[in-house]
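The structure appears right after this line, and notes come after that.
The values are calculated or read from the model by the stated rules, or taken from the named source; none is laboratory data. Because the structure is predicted, anything quoted here is derived from the model rather than measured. With ideal geometry, Cβ positions are generated from the backbone for all residues, glycine too; neighbour counts draw on all protein chains shown. The area values use the complete protein model at the heavy-atom level, side chains included, leaving out ligands, DNA and RNA. Shrake-Rupley method; radii C 1.70, N 1.55, O 1.52, S 1.80 Å.
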Amino acid sequence: MRYDLNEFQATIAKSARLSGVGVHSGSNTSISLYPAEANTGIVFKRICENGVVHSLRAVSSQVGSTDFCTLLGTAPDRSVATVEHIMAALYAMGVDNILIEIEGGEVPIMDGSSALFVELLDATGIVPLYERRRYIRVKKTVRAEMGGSWAEFTPHEGTRFEIGIDFASDLIGRQSWKGEVTADSFREELSRARTFGFMKDVEYLWASGHALGSSLENSVVIGDDENVINIEGLRYEDEFVRHKTLDAVGDLALAGAQFIGCYKSYRGGHKLNAMALRKLLAQSDAYEIVETKQNQRNGGYGELIAVSAPVFSPWIA
């Protein structure tokens with residue numbers, strides 16, 4: 001059985017920098033991306049005002065709050081918030097190893113999607129490191145439930161997402177997105193989908209210290225009349241579920257390795273995505289670590305073979 005998967009780990013070819021506002025903090029923030037060696041993984045380095053640097057590996061065990069975004073770390077001065085959009089871009093574009101220095105405690109929201117992060121990776125270039133990439137292959141179904149929401153991993157020969165949402169809003173209602181997530185499909189079908197919210201929730205969010213940097217430039221806003229306030233309208237007819245899928249890609253990127261399987265969810269979000277991932281990784285018989293074995297005769301990929309351990313363990317801090 002053959003899989004259309006990249007054989008080697010990868011990093012960016014050169015460093016890059018990007019600045020913007022944090023959607024929740026409302027503060028200006030900058031990130032700098034640097035190439036990293038094989039088996040480094042994705043590491044955030046938060047630079048504090050006093051010059052102290054705190055490192056956070058982008059893995060499931062480091063996830064703190066998931067209330068309104070995905071946050072790495074627990075202490076306010078040692079955490080990095082809203083990592084899901086850049087993580088989705090890194091995952092989909094095949095970047096396994098990278099150092100991300102961040103000035104402040106939140107990744108800039110940019111336009112509310114992953115599109116500008118994809119463009120940044122295009123500009124830096126992505127290069128192989130000639131160390132075999134390892135994958136988490138789902139072997140059996142693992143399901144997580146939370147109220148009327150559920151999510152599950154099932155075996156599948158590829159990387160597939162099937163995401164469904166159901167909002168008590170005539171504008172959104174029930175929507176679903178299903179498909180294989182590759183660099184091309186992510187770029188074309190998911191990367192430009194923006195985060196969204198309701199105008200009626202603004203005061204509550206502000207009072208709780210969230211969405212302080214939200215604006216029509218980085219969010220799709222739904223008014224009290226059930227219409228999109230943004231002058232340009234929607235980028236996709238079903239932009240809402242596409243953004244939920246983008247979020248799921250970014251949250252599952254915190255497995256610490258790419259996965260082979262299908263992820264399904266209904267009425268999910270960051271909290272449920274994190275719960276399902278932790279449940280999968282907690283069951284050693286539910287997955288295996290595999291890598292590609294090169295077919296020397298034709299330069300293609302041969303069978304996926306099981307190996308004893310992951311390159312960098314996604315479940316160890």
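Worth a mention:
- Extreme residue, farthest from the chain's Cα centre (by Cα), among residues of the range 145-177 that are without any contact (Cβ under 8 Å) to a residue 40 or more places away in the chain and more than 24 Å from Val228 (Cα to Cα): Gly147
- Flag if Gly233 is of a type outside the set (D, E, K, R) and surrounded by 21 or more Cβ atoms within 10 Å (Cβ to Cβ): no
- Some residue of the range 111-119 being touching an Asp or Glu at 6+ places or on another chain (Cβ under 9 Å), buried (at least 20 other Cβ atoms within 10 Å of the Cβ) and modelled with pLDDT under 95: no
- Condition broken by Leu190, with the remaining ones in (1) open to solvent by 60 Å² or more (accessible area, probe 1.4 Å); (2) in contact (Cβ under 8 Å) with a residue 12 or more places away in the chain satisfied: (1)
- Among the candidates Phe198, Phe161, Phe153, residue that is open to solvent by less than 40 Å² (accessible area, probe 1.4 Å), of a type outside the set (S, T, N, Q) and more than 25 Å from Met93 (Cβ to Cβ): Phe198
- Taking the criterion of being among the small types (Gly, Ala, Ser) and part of a strand (DSSP E or B), the residues of the range 148-187 that qualify are Ser149, Ala151, Gly164, Ser176, Gly179.
- Checked against (1) over 22 Å from Arg192 (Cα atoms); (2) touching a Gly at 6+ places or on another chain (Cβ under 7 Å), Gly26 passes all but a single condition, namely (1).
- Tally, over the range 284-317, of residues that are part of a loop (DSSP other than H, G, I, E, B), touching a strand residue (DSSP E or B) at 6+ places or on another chain (Cβ under 6 Å) and either at pLDDT below 80 or open to solvent by 40 Å² or more (accessible area, probe 1.4 Å) (or both): 3
- Any hit, the range 46-64, residues being out of contact with any helix residue (DSSP H, G or I) (no Cβ under 9 Å at 6 or more places or on another chain), among the small types (Gly, Ala, Ser) and within 19 Å of Asp122 (Cα to Cα): no
- Hits in the range 40-80 (condition: open to solvent by 60 Å² or more (accessible area, probe 1.4 Å), in a loop (DSSP other than H, G, I, E, B) and modelled with pLDDT of 95 or more): none
- Residue in the range 86-101 that is touching a residue at least 40 places away in the same chain (Cβ under 8 Å), open to solvent by less than 10 Å² (accessible area, probe 1.4 Å) and polar (S, T, N, Q) present: yes
- If the condition is being touching a Gly at 6+ places or on another chain (Cβ under 9 Å) and open to solvent by 20 Å² or more (accessible area, probe 1.4 Å), then the range 236-256 contributes only Lys244.
- Residues in the range 12-35 that are outside any strand (DSSP E or B) and more than 14 Å from Ile86 (Cα to Cα) were compared, and the one that is most open to solvent (accessible area, probe 1.4 Å) is Lys14.
- When residues in the range 229-260 are screened for being in contact with an Asp or Glu (Cβ under 9 Å, 6 or more places away or on another chain) and in a strand (DSSP E or B), 2 of them pass.
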